Each structure stands twice: as C-alpha cells, then as structure tokens.
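Peer 1: What follows is a structure written as structure tokens; I'll ask about it next.
The values are calculated or read from the model by the stated rules, or taken from the named source; none is laboratory data. No experiment lies behind these values; they were computed from the predicted model shown. Heads up, the Cβs are rebuilt from the backbone with ideal geometry, glycines too, and the neighbour counts pull from every protein chain shown. Side chains included, ligands, DNA and RNA excluded: accessible areas come from the protein's heavy atoms. Shrake-Rupley method; radii C 1.70, N 1.55, O 1.52, S 1.80 Å.
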Amino acid sequence: MRHRLFTLEEANQLVPWLEATFQRLVPAQEELTALQSRLLVLQRQRSSNGASSSQSEVTQVQQEQDRLGQRFEESIREITNQGILVRDVARGLVDFPSIREGREVYLCWIGGEEQIEFWHETDRGFAHRQPL
C-alpha cells in the first residue's frame with residue numbers, strides 16, 4: 001500500500017497540531033497506566049483474600065480504563081490517519097515519510113521542537129537523526 005509522502009513544509013504545518021495533541025495524550029497515557037496498575041492491584045487482592053476489593057470497584061476501574069483507552073486510541077488514529085508514524089507518545093516522537101535526494105526517508109520531529117530540523121533513513125531511528 002502506498003502511503004503519504006510529506007514535503008518539509010507540509011510536515012512543519014502539522015507541528016503545532018501535533019504539539020497540542022501530544023500535550024493531551026501524555027497525561028492520558030499516564031492516567032491509563034495508573035488505571036492498569038490499580039486494576040492489577042484490585043485483581044490480586046481479590047484472588048488473595050477474596051474480599052478486599054469489591055466486584056463493583058473492579059468493574060468501575062475496568063470501565064474507566066476502557067473509556068480512556070478508546071479515547072487514547074482515537075487520538076493516535078487521528079495522527080496515523082494523516083500518514084504520520086507515531087514512534088513514542090511520551091516523548092511526542094513521530095516520523096513523516098518524505099523524499100530526500102530521490103529516496104524515501106523520514107522527517108523526524110520530537111515534542112518541544114518548534115519545527116522539523118532532522119531526518120533519518122527509513123531503516124534507522126532517532127539515534128541516527130541528521131540535520132536537514
């Protein structure tokens with residue numbers, strides 16, 4: 001399947017939107033992790049003594065985890081549906097498929113950068129970023 005290729009200008013136009021999106025996603029990811037941990041504790045308590053946590057509490061945490069998980073996944077899909085590759089939510093790290101010197105490469109952006117200033121080969125990652 002052919003995917004979208006971005007010019008540097010097109011990718012840079014999406015940076016403010018990405019910054020705002022990741023500012024919402026990072027706390028949601030942290031909350032989701034906390035809910036998953038809470039659920040694990042509740043389930044362990046139930047299996048060890050059977051009465052420490054009520055089924056209603058377990059159900060409530062599961063429902064909240066499901067709701068938050070769905071919203072989180074929808075936000076990630078908003079990004080990927082644009083053709084952007086999400087690499088690390090916590091860092092706001094994404095790649096934009098692009099063409100450089102006649103071959104496909106990734107324009108690389110990480111949260112906090114005002115614009116895209118780096119690229120890397122498609123078979124390399126963040127550690128191999130090179131200045132544009």
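Peer 1: List the pairs whose first member sits in region 106-123 and is in contact (Cβ under 8 Å) with a residue 60 or more places away in the chain, whose second member is part of a loop (DSSP other than H, G, I, E, B) and hydrophobic (A, V, I, L, M, F, W, C), and whose Cβ atoms are under 7 Å apart, counting only residues at least 6 apart or on separate chains?
Peer 2: Short answer, once both residue conditions are applied: Leu107/Phe6; Leu107/Ile116; Trp109/Ile116.
Peer 1: If you don't mind, another one. Among the residues of region 94-110, write down those that are in a loop (DSSP other than H, G, I, E, B) and either farther than 18 Å from Pro131 by Cβ or modelled with pLDDT under 95 (or both).
Peer 2: Glu101, Gly102
Peer 1: From the set of residues in region 67-93 that are open to solvent by 100 Å² or more (accessible area, probe 1.4 Å) and in a loop (DSSP other than H, G, I, E, B), which is nearest to Gln13 (Cα to Cα)?
Peer 2: Asn81
Peer 1: Report whether or not Val41 is surrounded by 16 or more Cβ atoms within 10 Å (Cβ to Cβ) and either among the β-branched types (Val, Ile, Thr) or closer than 22 Å to Glu114 by Cβ (or both).
Peer 2: Considered against the rule, which asks whether it is surrounded by 16 or more Cβ atoms within 10 Å (Cβ to Cβ) and either among the β-branched types (Val, Ile, Thr) or closer than 22 Å to Glu114 by Cβ (or both), Val41 comes out as no.
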